[in-house]
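Step one of this worksheet: look at the structure below.
Read-outs throughout are calculated quantities, based only on the coordinates presented, and are distinct from any laboratory measurement. All of these numbers come straight from a predicted model, not from anything done at the bench.
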């Protein structure tokens, strides 16, 4: 008997879960709004703009944290 993979395995990822809003980023980093916008303005965190909304990809946050940990360890 031949089995085929479930169609659920081939679905596209939910991109809305891969993009964070500024308030979500504030909560994750436990920083205030001004501090988060300073990180975005300085280029330490990268964001995209969709209309008037700013979104931060989760991989950007992961990269930022990894870089900061490496800097602290050096």
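Once fully extended, how much extra length lies between residue 65 and residue 50, figured as 0.36 nm per residue of separation less the alpha-carbon to alpha-carbon distance? Don't skip to the end; give the middle numbers.
Values: separation 15, 0.36 × 15 = 5.40 nm, distance 2.41 nm.
Taking residue 65 through residue 50 to full extension adds about 3.0 nm, to one decimal.
Taking 0.36 nm per residue of separation and subtracting the Cα-Cα distance, what length does fully extending residue 42 through residue 21 add?
Extending this stretch completely gives an extra 5.8 nm.
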